[in-house]
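Read through the structure below, which is laid out as structure tokens, and then see the notes.
The values are calculated or read from the model by the stated rules, or taken from the named source; none is laboratory data. From a predicted model like this one, the values you see are computed outputs, not experimental measurements. Counting neighbours? That spans all protein chains shown, and the Cβs are built from the backbone with ideal geometry, glycine included. Protein only, heavy atoms only, side chains kept; ligands, DNA and RNA dropped before computing areas. Shrake-Rupley method; radii C 1.70, N 1.55, O 1.52, S 1.80 Å.
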Amino acid sequence: MTATLITHARLIDPDAGSISDGALLLDGGRIAERFDTPAPEVPGAEVIDAGGAFLAPGIVDIGVKVGEPGERHKESYKTAGLAAAAGGVTTMVTRPDTTPAIDTPEVLTFIRDRAEDDSPVNVLPMAALTKGREGREMTELGFLLDAGAVAFTDCDRVVTDTKVLSRAMTYARSLGALIMAHPQEPGLSKGGAATSGKFASLRGLPSVSPMAERMGLDRDIALVEMTGVRYHADQITTARALPALERAKANGFDVTAGTSMHHLTLNEMDLADYRTFFKVKPPLRSEDDRQAVLEAVRTGLIDIIGSFHTPQDEESKRLPFEEAASGAVGLETMLPVLLRLYHSGELDLPTLFRALSLNPAKRLGLDCGRLAKGAPADLLLFDADKPFILDRFKLQSKSKNTPFDGARLQGKVIATFVAGTAVYRSA
Amino acid sequence: MRFDQRHLLGIEPLRPDEITTLLDLADQYVTLSRSREKHSSVLSGLTQINMFFENSTRTQSSFEIAGKRLGADVMNMAMQASSIKKGETLIDTALTLNAMHPDLLVVRHPHSGAVDLLAQKVNCAVINAGDGRHEHPTQALLDALTIRRAKGRLHRLNIAICGDIAHSRVARSNILLLHKMENRIRLVGPATLMPPGMDAFGVEIYDDMREGLADADVVMMLRLQKERMDGGFIPSEREYYHRWGLDAEKLSVAKPDAIVMHPGPMNRGVEIDGTLADDINRSVIQEQVEMGVAVRMAAMDLLARNLRARPTELSA
């Protein structure tokens, strides 16, 4: 493999919190050298003139759903991988809420093989925390860790039995494993299709109090204090949950939190006349919540932003709101959608890539997510300004359930590199 | 006189003048319905299909009579019994029906927003006969007509809506309508049956019946929706009756000429005292049923006029 030299780039360095002109030399799958302008001649290297475009560490997206096994008609490793590459996602950290759940080393090995054959980007699988995600017995955490699971989660199902969860956490701590949980009090949130408040009341939708998220987080943090496990809350979406998170971090617990692209850019009013493509889990929140969560991303209280890519076929969305499936695809749309926050002056690019690339990599113990010499050459080159109107039928995903169909967006990926090789180049 | 709607999906999209137009026309249909010859031919040649995905005797008969009095060809489809059981989706049902070229489709569905969804997929005029806990526009219109005829006006009245607000589409449509017509609205009921965020609707909220009913012109009772109770909203029916059930004593704080309304069917001895419900000096519950037919005739007449004003759509 020949070396690649990317010149005249604007380097986004989330580690240093800076943007500077520079060039990167990619060789042997890694960043061989980082230059300040002007870059020297490197004999034999393929030169890509970025022409002033941004070069950032590739996105590490925690919480991607791929439909294998069980729902390949919704998304396969191939289509998810293509969508990821087109969206600048260089590592997909996949969810185990498949059919059947990824809860044995055999299933995990199967999907790792599938991913290796088909996906142009890195795939790191998570495994279920309990067998069948039923919240009764822990899975073979040790075997699964050996087979390559990077974290354990029952996804949107909450382990309600605290005894089961505390034992699984204790066992996970002894292995040094990371647990990802969905903070929610399931009794309170049962049946809820929207966030309680004026909007849900007007639309007559069964609703869930935002307090359910804080109660779930409070419980989990108490269990973290008890067991000492490494804990990541998948999505924090409400203002009320933030003080609890802040206290947990101040107390020195090994706690991190994520949020989703949708909760940072949409609010409950977007549901409008029962638009089911806006039905996500947890449901979209109030504008006050959105702003509080965005502020928490700015300060670093919320560490990670993910797409929570959830492919759903048309049939499961063309139903009355309460019956329709939750979730939206996001691998390919995440960058331009989040760039709305950059264009509106609400979020700067180093902070954005700290949450998209650096922090998720750090949390999983990966050495990517940085633009340092020696780091893996997982990169994304993008034009932050290029305007376009999103057409959902042009997405790479097999499923087209995006709430941003027809949206005016700015920002296009020019090229995505995984281990120094371009896996995507814009036409 | 204007009425610019293609469908009647809720009170929310209606303008106050459209509401007045509809009620004025309904007044004429009250007269027609009270005469010996009750027949008109304004819907002659049109097909009306009543599609009820939820059990209903009263509303469905009311729509059926309204359609027949106006000369429409009326057909009832009991949807719980048919295709739903076979796994057909709502949209497929709608498309199947659409191919039969109905002109008026009256729909009731247990899920909020389901009637809106259906209306997007068909060519005919759709009337929402109740969707989940969202809206029930003809009920609010018939209540408005009853109030207007009893009180001589539909503005600047003190109106108390009492009981299970949370599960009630009737309450939502009534709040929207009475608010548009500039009335003072109080919601009275247990906190567990009060939906969150209601203070943002420009209404006053009371837990206590005597406070909520003070100086009321209209007392609107709601059915305690036992079939919707997942359990545990109220301690018992008898405690509910004691604190929120309407009886002569609680009504005594309202204005002396206050009228008592109920959308039916009533749970006597739960939300309302049986004797009070039958008191012809206070209760207008029977008038509400009568107004229901007239309002539905008016709604279908106005929608049919708009339907006839549009060019025929050739593609199904």
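Per-structure values
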quantity	calculated
Estimated FRET transfer efficiency (A:Asp254, B:Ser40; beta-carbon r; R0 51 Å; 0.05)	0.10
Residue-by-residue Karplus 3J(HN,Hα) for the range B:118-129, coefficients 6.51, -1.76, 1.60, Hz, glycine and proline x	5, 4, 6, 10, 10, 8, 8, 7, 10, 10, 7, 9
Distance between modelled label sites at A:Glu41 and A:Glu315, nm, 7 Å Cα→Cβ extension	6.3 nm
Most positive-pole-ward Cα, B:Ser252, B:Leu302, B:Pro265, against dipole of the range B:240-311 from beta carbon charges	B:Leu302
For residues of A:193-202, the mean tally of beta carbons on other chains within 10 Å	5
Test item: B:189-199 mean partner chain Cβ contacts at 10 Å	3
Where Rh is the Kirkwood radius over Cα pairs, Rg/Rh for the range B:119-192	1.03
The protein assembly as shown: calculated mean residue ellipticity at 222 nm from DSSP helix runs of at least 4, using -39500 (n - 2.57)	-9500 deg cm²/dmol
Shielding of B:160-167 by partner chains, average beta-carbon count, 10 Å	1
Space enclosed by the convex hull of the alpha-carbon atoms of the range B:1-133, per residue, Å³	115 Å³
Given A:Lys65/A:Lys131; A:Lys131/A:Lys281; A:Lys362/A:Lys398; A:Lys281/B:Lys226; B:Lys38/B:Lys151, the pairs whose alpha carbons are separated by over 20 Å	A:Lys131/A:Lys281; A:Lys362/A:Lys398; A:Lys281/B:Lys226; B:Lys38/B:Lys151
Span from the the range B:167-199 Cα centroid across to the the range B:94-152 one, whole angstrom	20 Å
Label-zone membership for the range B:251-277, site B:Ala214, 7 angstrom Cα→C-beta point, backbone N under 18 Å	B:251-258
Interface size B-A, as summed buried accessible area [1.4 Å probe, Å², nearest 100]	1600 Å²
Dimensionless Rg ratio for the protein assembly as shown, taking C-alpha atoms and the 2.2 N^0.38 Å reference	1.11
Cβ crowding within 10 Å averaged over residues, with B:16-23, A:33-40, A:375-382 ranked highest first	A:375-382, B:16-23, A:33-40
Among A:322-330, B:233-241, the order from most to least packed when residues are scored by Cβ within 10 Å on average	A:322-330, B:233-241
Whether the range A:58-363 is rounded, prolate or oblate, judged on the alpha carbon gyration tensor where a/c under 1.5 counts as rounded	rounded
Antiparallel bridge percentage (DSSP; both residues within the protein assembly as shown; nearest 5)	35 percent
Unit charges at the beta carbon, dipole of the range A:341-427: most positive-side option, A:Ala355, A:Val423, A:Leu390	A:Val423
Bridge type composition, the range A:58-363 - antiparallel percent by DSSP, nearest 5	5 percent
Heavy atoms of A:Met138 accessible to a 1.4 Å probe, total area in Å² rounded to 10	60 Å²
Note, ³J(HN,Hα) from phi for the range A:120-127, Karplus 6.51, -1.76, 1.60, rounded to Hz, x at Gly and Pro	x, 10, 5, 10, 10, x, 9, 10
Sequence ranges B:180-192, A:124-136, ranked by mean other-Cβ count within 10 angstrom, highest first	A:124-136, B:180-192
